[in-house]
Amino acid sequence: MRSAVKAALISAFFFPGLGQMYLKRYIRGLAIVLPVLGGIAIMVVATVGAAWESLNNIRAEGSAIDLAAINRIARGTDYAGTISFIIMGLWIFSVIDAYFIGKRRVPR
C-alpha cells in the first residue's frame, strides 16, 4: 500500500494526526493531536461535572432521576457543538493533509 493512502487511512480510522506522525512529521502531527485531545478532554470534564452535580442534587433532594436532566447532560454543554465541529474539521484536515504529505514524499 502506498504511504499516502496508508497515512490517510491511519488518520481517518485511528486518530487525527497519527498519519502525519507515520510520515515522520511529528510536530505537524502533534499540532493536530493536541487540540483534538484537548477538545475531547474539555467535553468529558464538562459532562462528568454536570452528571456529578445532577447526582448530588438527586441525593440531596431524595427525588427520582429526572430524564430531562439526563438528556441535557448527554447533549453536553453549550460549547460542545462548537468543539465537536472543530474536532471534525481537524479530523478531515488531518486525512487530506496526510494524503498530500505522503504524495509529496519521495519513496525510499
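The values are calculated or read from the model by the stated rules, or taken from the named source; none is laboratory data. Computed from a prediction, not measured in an experiment: that's the story for all the values here. Cβ atoms come from the backbone with ideal geometry, glycine included; neighbour counts cover every protein chain shown. Surface accessibility is based on the protein's heavy atoms, side chains included, excluding ligands, DNA and RNA. Shrake-Rupley method; radii C 1.70, N 1.55, O 1.52, S 1.80 Å.
Structure summary
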item	result
Residues being of a type outside the set (D, E, K, R) and open to solvent by 30 Å² or more (accessible area, probe 1.4 Å) - total across region 12-26	8
Complete set of residues in region 55-75 that are at pLDDT below 70 and either at positive phi or in a loop (DSSP other than H, G, I, E, B) (or both)	Ser63, Ala64, Ile65, Asp66
Region 12-27: number of residues that are part of a loop (DSSP other than H, G, I, E, B) and not small (Gly, Ala, Ser)	6
Single residue of Leu9, Leu30, Leu34, Leu90 found to be in a helix (DSSP H, G or I), under 18 Å from the mean Cα position of the chain (by Cα) and loosely packed, with under 12 Cβ neighbours inside 10 Å	Leu34
Criterion: farther than 17 Å from Ile87 by Cβ and either in a helix (DSSP H, G or I) or not polar (S, T, N, Q) (or both) - qualifying residue of Val44, Val48	Val48
Selection status of Val45, at pLDDT 70 or above, in contact with a Pro (Cβ under 8 Å, 6 or more places away or on another chain) and β-branched (Val, Ile, Thr)	no
Residue check, Ala98 at pLDDT 90 or above, surrounded by 14 or more Cβ atoms within 10 Å (Cβ to Cβ) and either assigned to a helix (DSSP H, G or I) or acidic (Asp, Glu) (or both)	yes
